[in-house]
1. Would you check if there is a residue in segment 56-66 being farther than 24 Å from residue 242 by Cβ and in contact (Cβ under 8 Å) with a residue 24 or more places away in the chain?
2. Would a scan of segment 160-179 turn up a residue that is surrounded by fewer than 16 Cβ atoms within 10 Å (Cβ to Cβ) and within 17 Å of the chain's Cα centre (by Cα)?
3. Go through (1) in a helix (DSSP H, G or I); (2) farther than 23 Å from residue 279 by Cα and name the single condition residue 153 misses.
4. Looking at residue 288, is it loosely packed, with under 14 Cβ neighbours inside 10 Å, out of contact with any strand residue (DSSP E or B) (no Cβ under 9 Å at 6 or more places or on another chain), at pLDDT 75 or above and within 24 Å of residue 85 (Cβ to Cβ)?
5. Write out, first by first residue and then by second, each pair whose Cβ atoms fall under 8 Å of each other, whose residues are 6+ apart or on separate chains, and whose first residue, in segment 84-105, is on the phi > 0 side of the Ramachandran plot while the second is in a helix (DSSP H, G or I).
6. Kindly indicate whether residue 254 is modelled with pLDDT of 75 or more and either in a helix (DSSP H, G or I) or loosely packed, with under 15 Cβ neighbours inside 10 Å (or both).
7. Of these, 239, 246, 267, which one is surrounded by fewer than 18 Cβ atoms within 10 Å (Cβ to Cβ), at pLDDT below 80 and within 19 Å of residue 116 (Cα to Cα)?
8. Name the pairs whose Cβ atoms lie under 6 Å apart, with the first residue in segment 188-205 and closer than 12 Å to residue 259 by Cα, the second surrounded by 13 or more Cβ atoms within 10 Å (Cβ to Cβ) and modelled with pLDDT of 85 or more, and 6 or more positions between them or separate chains?
């Protein structure tokens, strides 16, 4: 290809959902409220874990990291998504599109790691309770989290830099509400086979393998729970896992549908709707699921609220 005759893309036009004008502001207001709830709910989880000494355990430490990744994911996508809704499609610089894709990849990969680590933590707590404190401590938790963050940032950086070796010459229209990989590669006028294979490999490593690890962990957990003689003991053991299992099922279910199931015959509208589930619904429901099903979190929230009210009206 003669690069002298190629017009390179400098801006990307996102089509979004093509919202009808009659409900434009309603949709904008709903997602604005949802975004605020995501930020407030996940920040509350982080504050509670930092504030309450009863929550200074590996399970809640990993939960705070999950909330942090939810905030990163939502903040990377939703502010620009709100702008897309408001103006019925918008143009963003190509560099911003790549940056958005990078942080989206980091947040998504990090969530896969954290959810896997949380399942392993529950496995040790229930199946190996006598060895739990000797295996998992604060120092080990910090090392694990640093490795998860560093590995996510490094792997996605390499993948993003490889994408930048492609030539993007138009058209500059993406039928999506953010810069995801597949619609981005459709703008390339060079061969993307290698990048697509790399993406499938990374999806298998960071989605399918962690999902298998989580599944194996919960098979052992469930078998161990059934061996507990008392019904109260079973209920207590299962209650510590049910919240995490709900989040894993919802998050991985949508990821598999979007990134591992072939797109043949699947419209972009379906893909965009599924993307909303793990970008909007999962970060929104994570704090709700964990707070409603967890007595320690509810107790810490009550204490923090009482302390704040006592300080205000003293």
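The values are calculated or read from the model by the stated rules, or taken from the named source; none is laboratory data. Predicted model only: the values in this text are computed from it and were never measured. Every residue, glycine as well, gets a Cβ built from its backbone with ideal geometry; the counts of neighbours run over all protein chains shown.
1. No, every residue in segment 56-66 fails to be farther than 24 Å from residue 242 by Cβ and in contact (Cβ under 8 Å) with a residue 24 or more places away in the chain.
2. no
3. (2)
4. On the way: loosely packed, with under 14 Cβ neighbours inside 10 Å: yes; out of contact with any strand residue (DSSP E or B) (no Cβ under 9 Å at 6 or more places or on another chain): yes; at pLDDT 75 or above: yes; within 24 Å of residue 85 (Cβ to Cβ): yes.
Spelling it out, residue 288 is indeed loosely packed, with under 14 Cβ neighbours inside 10 Å, out of contact with any strand residue (DSSP E or B) (no Cβ under 9 Å at 6 or more places or on another chain), at pLDDT 75 or above and within 24 Å of residue 85 (Cβ to Cβ).
5. Note: pairs meeting the criteria are 88/21; 88/24.
6. yes
7. On the way: 246 fails: at pLDDT below 80; 267 fails: within 19 Å of residue 116 (Cα to Cα).
Going through 239, 246, 267 in turn, the sole match is 239.
8. If the second residue must be surrounded by 13 or more Cβ atoms within 10 Å (Cβ to Cβ) and modelled with pLDDT of 85 or more, the pairs left are 199/181.
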